[in-house]
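Values in this text are rule-based calculations from the coordinates and carry no lab data. In this text, all values refer to a predicted model and were calculated from it rather than measured experimentally. Reconstructed Cβ throughout: ideal geometry from the backbone, glycine too, with neighbour counts over all protein chains shown.
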Amino acid sequence: MTQERTSTPRDAATAAVTADTEARYQIGEVADRTGVTQRTLRFYEEKGLLTPADRMEGGFRLYSEADIGRIRLIKQLQQLLGFSLAEIKEMVEAEETRATLRATRPGESIEPGAQRARFEQGLRALRSQLTVVEPKLEQLTELRADLVERIARMERRIADLDQPVKV
């Protein structure tokens, strides 16, 4: 059951990007929309990958559209890229840092030192993500090279079969 609820942000950074009211979804709806089980959602919460936006009076979790987007990103990183949950957490947290920086852009009158600090924070987040991605990229590059070599060997064997037999 979708709920309209006044948000109670998890922290100041979230407050900057959370509307006063937005649709909230119960765990079953979120499981259906994202293709993960309720147990998986609870596991993500336990591992610190996901924090439901709100809870109903009875303690039932309520999720926002942003939570649903985060779940989809977690699934993508797991399924397509083979990331561990720790790697996913690092990637998602860095992305949230960057999103918060984008959503809370100061006006033009910000002092250069503060502007520099914001850029450096964004740069650290990007470098953190690259640190996670680089080993995966190396592994994929090695796997690709191995597959290309095996394909070439198989193609040579097939070509050898097409050669006339010398007597």
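Straight-distance candidates among the lysines for linking to K136, with alpha-carbon spacing under 29 Å and chain neighbours fewer than 8 residues away dropped: K47, K75, K89. Of A145, A103, A31, which is the most mobile in a GNM of the chain whose springs link Cα atoms less than 10 angstrom apart? Judging by the Gaussian network model, the answer is A145. The magnitude of the dipole of segment 3-162, with charges of +1 and -1 set on the Cβ of Lys/Arg and Asp/Glu and taken from the Cα centre, is near 120 debye.
The longest part of the chain holding none of the exposed loop GluC sites (Glu not before Pro), meaning those outside H, G, I, E and B in DSSP with at most 11 other Cβ atoms within 10 Å, is 109-167.
For the chain, the 222 nm mean residue ellipticity estimated from helices alone, with every DSSP H stretch of n ≥ 4 adding -39500 (n - 2.57) and the total spread over all residues, rounds to -22500 deg cm²/dmol.
Relative to one another, the C-alpha centroids of segment 61-101 and segment 115-147 are positioned 15 Å apart. Taken as entire DSSP H runs, the helices of the chain that both span 20 Å or more between Cα atoms along their own long axis and average -1.0 or more on the Kyte-Doolittle scale are 65-81, 85-103, 112-162.
Loop-only trypsin sites (Lys or Arg not before Pro) in segment 45-109, please: DSSP not H, G, I, E or B, and at most 16 other Cβ atoms within 10 Å. When the trypsin sites (Lys or Arg not before Pro) of segment 45-109 are filtered for loop state and at most 16 Cβ neighbours within 10 Å, K47 remain. Based on the Stokes-Einstein relation at 25 °C and a viscosity of 0.890 mPa s, and on the Kirkwood radius from alpha carbon pairs, segment 3-162 is assigned a translational diffusion coefficient of 131 µm²/s.
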